[in-house]
Amino acid sequence: MEQHYSNLFVVVMGMGVTFVGLIAIIFLTQLMGTVITALDRKKPQNAAPAAPAAAPTPAVSGDGIEDAVKIAIVAALAQDSAFRLDHVTRIDIRRV
């Protein structure tokens, strides 16, 4: 015996499963955030690093923005087809 489901039943079941799945994702994300926050609090805050390494000082120009950040901004702009990097003569990036 073959069962035929109505279109309305299929639509309602599909939307219901999707809704329940999205709600489950929300709860799992909140649970993961709670667990990570609890684990982060258990770490000792006063623990000094075993061997303090001398970190290289990032290159910062007079405007206070690191050169690596400027390079990343220009690289992102270069992805736009309307942006012509060969026409750029000066890069002046300021905080807003």
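The values are calculated or read from the model by the stated rules, or taken from the named source; none is laboratory data. Only a predicted model underlies this, so the values are computations on that prediction, with no experimental measurement involved. Heads up, the Cβs are rebuilt from the backbone with ideal geometry, glycines too, and the neighbour counts pull from every protein chain shown.
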Going through segment 1-28 in order, the residues found to be of a type in the set (Phe, Trp, Tyr) and in a helix (DSSP H, G or I) are Phe9, Phe19, Phe27
If Val60 satisfies all but one of (1) at pLDDT 80 or above; (2) surrounded by 10 or more Cβ atoms within 10 Å (Cβ to Cβ), what's the number of the condition it fails? (1)
